[in-house]
Amino acid sequence: MYALIVFLPLVGSILAGLLSLNNQDRPAELVTVTGLLSSLLLSVIAFAEVAIGGTPITVDIGRWIVSGDFAAQWALRFDTMTAVMLIVVTGVSSMVHIYSVGYMSHDNARARFMSYLSLFTFAMLMLVTADNLVQLFFGWEGVGVASYLLIGFWYKKESAHTAAMKAFVVNRVGDFGFALGILAVYVLFDSVQFDVIFAQSSLIATTNIEFLGQSLPALEVAGILLFIGAMGKSAQLGLHTWLPDAMEGPTPVSALIHAATMVTAGVFMVCRLSPMLEYAPFALDVITIVGAMTAIFAATVGLTQFDIKRVIAYSTCSQLGYMFFAAGLSAYPAAMFHLTTHAFFKALLFLGAGSVIHALSGEQDLRNMGGIWRKVPVTYTMMWIGSLALAGFPFFAGYYSKDMILEAAYAAYSGVGSFAFVMGCLAAFLTAFYSWRVLIMAFHGKPRAIADVMAHVHESPLVMTLPLLVLAFGAIFSGWLGYELFVGHHWQQFWGDSIFILPTNAAMENAHHVPTWVKSLPIGLATSGVAMAVLCYAIFTGLPARIAASFRPVHLFFFNKWYFDELYDAIFVKPAVRIGNFFWLRGDRDTIDGFGPDGVSALVYRISGACSRTQTGFVFHYAFAMLIGVVVLVSWYVLRFKG
C-alpha cells in the first residue's frame, strides 16, 4: 500500500505521456486524476496508521547506488512528518488535477500537461519519503525538472520559456550548495542515511572541517550549505527571483508549485534535519534571519504589484519566510503546521485567481478588473475565505498557525527571535493590506475591463469550483483540527522521533505562556491592514496614487522588487553574456572552427578553385600543358641518370 502512494502518480504520468502521442486528452485526464485520488485515499490511511496510530514504517525497495564503500539504499520512509506531507501533496495535487480538466479544456496539449503534473507529484512524493540525502536529492532535482516543463508549458511564448530557464538556473545555484552540503555530511558521518546522521550528530558537534582554507565547525558548514539549497527551492531572499516569473505557466501550475509542493520542499528538508541542525546554532540563526528578511521583503513587494498571480506569488514567498524563521528558532512543529495550513488557503487563492482570469477571458492585471463579484459569487466567496485565512483572522487556518509562529518568535527570548517577531508582525499587517487590495480591485468598484470582456464574465464550471470548495474546507478547518496535534501541549507525542529539539531551545514550550498582548497583536494588525486597504481602495480611491507620488523613491524601490533583478543582471547576466560571446566569436568561431572544419574546408575550396581554373576547354591549352609535362619529365630523366 505504501509504495503505491508514491508510484501511482508515476504510472499515471507515463500512461498520459503515451496517450499524448495520439492526442487522447480525455483518457489521459482520467488516468492521472484517478491515480492521484487513489494516492490521496491511501495517504489518508497512511496518516491514520503512521501519525495517529504511532507506527512509523520504512519500505525497502532495493539497493540503489554502490560505489566502493559508499552505498545508498532506495527506501521509502513513512513517519509522522512524511504522513503530514503526503496529505498535503496528494490533497492539493489531486484538486489541481481536477481543476485542470476545466481550466485547460481549450488547450490542445492537455494530455501532455496532465502527464507533467503527475510527474511533478511523483518527484515530490519521492522527496518527502526519502530515507537518505541522495534519494532526497533525486526527488529534489525531479521537481526541478518537472517545474521547468510546467512553467514553460506554453513554450511558444517567449516569456514562458525564459521564465522556465530562469527558474532552472536559479535553482541550480541553490542546488550547488545543497550538493556540497551532502558531500560534507558524507565526509563527516561516512553515510547519507538519516538514521545514521541523526544518531551521531551530538558526537560530531565539536568536530571542525577545513573549508575555504579555514577550520570551521563542521555541522555549521554543512547546515548552511544545505540551507542554501533550501533557499533556492523555497525562494528565500537572494534566490527568490525565479518565483514571480514562474507565473508565466498555467494557473494550476502556480497552485501546485507555489502552494504546497515544490516551494515547501526546503522547509520540509530543514525540519527533517532537525536532529542535526539542533547542534548547529549559528546555522539556525542564519535560517532565522534570512526567513525574517524574506517575510518582510516579499510583503513590501506584494503591496505594489498589479498582476493578480504575482501578488499571490509574493505572498507565498513571505509565508515561506515565516516557516523558515520558525524552523530557525527550533519551532519546527509550528513551521510544519503553517506549511500544512498554508497549502490549503494558498492553493485556494491561486485557483481562485485562475477562476477570475478564466471569467475575464485571460485578464490578469488588477487595473483591468473590478465590478464582477455578483457575476462570480462562488469564486468571490472562495477568495474571501482564502484571504481571511492568509491574513490570520480568528477561526481560519492561518490564525492558528501564523500566530503560533509569532508567539514562538517572541518566546525564543533571543536577539534573532525578537528580530523575527518584529519582522513577522510588520509582514502580518502588510499581508492583510495587500490581500484586501486584491479583493477590492478584482471584484469591487466600477468595471474596468473592456465591454466585450465584461459581457462574457461568468462563473467557472463545476469541475473548477468543486476543488475550490474542498480547499476552502481545509482553509477554514485545518488550523482548528490540527492545532492540538501539531503544536499543542503534547506535540511531542504526535511528532515522535521525526522532530528533535534540544531542551535548551524552549521556544515551542514558552510559546504557550506568552503575554496576552502577544497573542492579540496579530489580530489587531490584520484588522488594521484590512481597514487601511478599504480606506485606500474602496473609499478614498485616489489615495494610493497620491501616496505613491509622495514617496516615489520608496514606491519604485518596492515596485521594482528591491532591484534584485537589475542587480543580478548587471553583476551576473551581462558579464556572462559578454564572456560567452567572446568565447563563441573568438574561441569557437575564429579559433576552433577557423583552424578546424571551416579552415580545412576553405583550403580545399581554394585549391579546388585553382584547379578548376585550369580546365578551360581549349585543346591548345591542354597540348601546351602536356608539352610542359614532357619537358619536365625529360629534364628530370636527364639530370637523374646523366652520370
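The values are calculated or read from the model by the stated rules, or taken from the named source; none is laboratory data. Everything numeric in this text was worked out from a predicted model, so none of it was measured. For neighbour counting, all protein chains shown are included, and Cβ atoms are generated from backbone atoms with ideal geometry for every residue, glycine included. Side chains are part of the model used for accessible areas, which takes the heavy atoms of the whole protein and leaves out ligands, DNA and RNA. Shrake-Rupley method; radii C 1.70, N 1.55, O 1.52, S 1.80 Å.
Couple of notes before you dig in:
- Taken as Cα centroids, the range 442-485 and the range 115-148 sit 29 Å apart, rounded to the nearest whole angstrom.
- Using a probe of 1.4 angstrom and keeping all protein chains present, the accessible surface of the range 202-286 works out to 24 square angstrom per residue.
- MRE, 222 nm, helices only [DSSP H, n ≥ 4, -39500 (n - 2.57), over the chain, to nearest 500]: -22500 deg cm²/dmol
- For the chain, the longest piece that avoids every one of the trypsin sites (Lys or Arg not before Pro) found in DSSP loops with at most 13 other C-beta atoms within 10 Å covers 375-641.
- Other residues lying with their Cβ under 13 Å from the Cβ of residue 101 contribute a combined charge of -1, Lys and Arg counting +1, Asp and Glu -1.
- Ratio Rg/Rh, restricted to the range 358-418 and using Cα atoms, in which Rh is the Kirkwood radius: 1.23
- The relative contact order of the range 1-149, computed from alpha carbon pairs under 8 Å that lie at least 6 residues apart in sequence, is 30 percent.
- Distance between the modelled labels on residue 480 and residue 611, one decimal in nanometres: 9.1 nm (7 Å Cα→Cβ projection).
- Carbon/sulfur fraction of accessible area - the chain, other protein chains in place, 1.4 Å, %: 69 percent
- Tilt relative to the chain, helix 516-534 - C-alpha long axis, 0 to 90 degrees, to 10: 60 degrees
- Prolate/oblate/rounded label for the range 175-313 (Cα gyration tensor, a/c 1.5): prolate
- Against the set (1) 29.8; (2) 26.7; (3) 25.6, the structure's computed Kirkwood radius over Cα pairs in Å falls on (2).
- Around residue 596: net Lys/Arg minus Asp/Glu count, Cβ-Cβ under 12 Å: -3
- Shape class of the range 1-148 from the Cα gyration tensor (axes a ≥ b ≥ c, square roots of the eigenvalues): oblate, since a/c reaches 1.5 or more and a/b does not exceed b/c.
- Stretchable slack from residue 633 to residue 513, in nm (0.36 nm times residue separation minus alpha-carbon distance): 32.0 nm
- Seen from residue 78, the other residues with C-beta closer than 11 Å to its C-beta sum to a net charge of -2, counting Lys and Arg as +1 and Asp and Glu as -1.
- Tilt relative to the chain, helix 110-128 - C-alpha long axis, 0 to 90 degrees, to 10: 70 degrees
- In the chain, the longest principal axis of the Cα atoms and the axis of helix 25-46 are about 50 degrees apart.
- Separation between Cα centres of the range 517-535 and the range 319-370, rounded to whole Å: 19 Å
- Accessible-area value, residue 154, 1.4 Å probe, nucleic acids and ligands omitted, Å²: 80 Å²
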